[in-house]
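First up is the structure itself, then whatever we jot down about it.
The values are calculated or read from the model by the stated rules, or taken from the named source; none is laboratory data. Just so it is clear, the structure is predicted and the values come from calculations on it, not from any experiment. Counting neighbours? That spans all protein chains shown, and the Cβs are built from the backbone with ideal geometry, glycine included.
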Amino acid sequence: MLNGIRHDPVRRGLLLGGAAASLSACHRAAPTVASSAGRLNPAATLAGAVDGPWRTPRDRARDRWRHPLESLSFWGVRPGATVIEVWPGAGWYTEILAPFLATTGGVLYAAQFPPDTPAARAVVEAYSRKLAANPGLYGRVHLTSFGAASGPLAPAASADVVLFKGNLHDWMRGGFADKAFHDALQALKPGGVLGVEQHRAPPGGAQDVLATSGYVQEAYVKQMAKDAGFVFDKASEINANPLDDHNHPFGVWTLPPTRASAASGKPPNPFFNHGRYDAIGESDRMTLRFLKPR
């Protein structure tokens, strides 16, 4: 899944095209952050960056489900940190992280989609253009990539925090989820944090190794992290949603923000009743924190 959309050629193309359009709109709307005497730059704190006037109403509407301030604080993102955001896509979290880190003397690495398709290249190029067009807001974001054959996320032992934000099921389907954990371990400093947000499957039973519903068992994620060399630190219910019964006709993508109305690769069903699923809201998600051993 790329930022909430199923990972298949048809929907991936639709997503990436939409992401490029969203990036273009954000570029037109984003103001430059400027400090002035007696007034604090809003991006000087995480709370200020979350409330930043450059964030679009559409992005802000998801805060009630994604809880960016609470999540980033839980993962230990602090002023001056070096952070790696894996698969930022159109940049929902980048809009918060880049201004905050640029203002506080930190560093952001964006490990984007591998540019192996025209649609993926379009998103990466649009993302890069947006950042380059407003250096006063975003500072310098170091662009790398992550995929089955990618190189390092960032220089070895350079990062304080690596963030996986709802894409583990894509990597499981692609057969490179284990690589994601190993790459994160190599990039982190000793004692550094791996933060994970992921659609959470109910416990018990066997995990679908392809995660075709988009949901992954928390115990399975913890085992993948342990196998890579991480130590589990703690979990939070910040992004839990008790209304999500995990039983939807088109997997997690039936829920907002995707609101799928037909099986993958099929045209949308104009008669599908979204009401029940819209009432649930976004998915039930685990929020985990792992440490690289010292």
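A few points about this structure:
- Residue list for the stretch 197-216, filter: on the phi < 0 side of the Ramachandran plot and touching a Gly at 6+ places or on another chain (Cβ under 8 Å): GLU197, GLN198, HIS199, THR212, SER213, TYR215
- Flag if ARG78 is of a type in the set (Lys, Arg), assigned to a helix (DSSP H, G or I) and under 29 Å from PHE232 (Cβ atoms): no
- Top-ranked residue in the stretch 149-181 [being in contact with a helix residue (DSSP H, G or I) (Cβ under 6 Å, 6 or more places away or on another chain) and not in a helix (DSSP H, G or I); ranked as surrounded by the most Cβ atoms within 10 Å (Cβ to Cβ)]: VAL162
- Filter result for ALA240 (in contact with a Lys or Arg (Cβ under 8 Å, 6 or more places away or on another chain), within 18 Å of ARG66 (Cβ to Cβ) and in a strand (DSSP E or B)): no
- Among the conditions (1) over 22 Å from ARG58 (Cβ atoms); (2) outside any helix (DSSP H, G or I); (3) modelled with pLDDT under 95, ALA90 misses just one, which is (1).
- Count of residues meeting criterion [of a type outside the set (Val, Ile, Thr), assigned to a loop (DSSP other than H, G, I, E, B) and in contact with a helix residue (DSSP H, G or I) (Cβ under 7 Å, 6 or more places away or on another chain)] in the stretch 52-70: 3
- For the stretch 243-261, a residue qualifies if it is of a type outside the set (Ser, Thr, Tyr), in a loop (DSSP other than H, G, I, E, B) and buried (at least 19 other Cβ atoms within 10 Å of the Cβ), and the qualifying residues are ASP244, HIS248, PHE250, LEU255, ALA260.
- All of (1) in a loop (DSSP other than H, G, I, E, B); (2) of a type in the set (A, V, I, L, M, F, W, C); (3) in contact with a helix residue (DSSP H, G or I) (Cβ under 6 Å, 6 or more places away or on another chain) hold for PHE290 with one exception: (1).
- Checked against the criterion of being surrounded by 15 or more Cβ atoms within 10 Å (Cβ to Cβ) and closer than 26 Å to LEU163 by Cα, the candidates SER264, SER283 yield just one match: SER283.
- Within the set PHE181, PHE164, PHE146, the sole residue that is among the aromatic types (Phe, Trp, Tyr), out of contact with any Cys (no Cβ under 7 Å at 6 or more places or on another chain) and closer than 20 Å to VAL252 by Cβ turns out to be PHE164.
- Among the residues of the stretch 268-287, those that are assigned to a loop (DSSP other than H, G, I, E, B) and not small (Gly, Ala, Ser) comprise PRO268, ASN269, PRO270, PHE271, PHE272, ASN273, HIS274, GLU282, ASP284.
- Subset tally (residues that are of a type in the set (Gly, Ala, Ser), without any contact (Cβ under 8 Å) to a residue 60 or more places away in the chain and part of a helix (DSSP H, G or I)) for the stretch 182-228: 2
- Among the residues of the stretch 38-61, those that are of a type outside the set (A, V, I, L, M, F, W, C) and surrounded by 16 or more Cβ atoms within 10 Å (Cβ to Cβ) comprise ASN41, PRO42, THR45, GLY48, GLY52, ARG55, ASP59.
- Looking only at the stretch 65-86, and only at residues there that are over 22 Å from ALA157 (Cβ atoms) and aromatic (Phe, Trp, Tyr), the one that is surrounded by the fewest Cβ atoms within 10 Å (Cβ to Cβ): TRP65
So that you can scan it fast, the table gives a plain yes or no per residue for (1) under 10 Å from PHE100 (Cβ atoms); (2) at pLDDT 95 or above:
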| residue | (1), (2) |
| --- | --- |
| ARG39 | no, no |
| THR45 | yes, yes |
| LEU69 | no, yes |
| LEU72 | yes, yes |
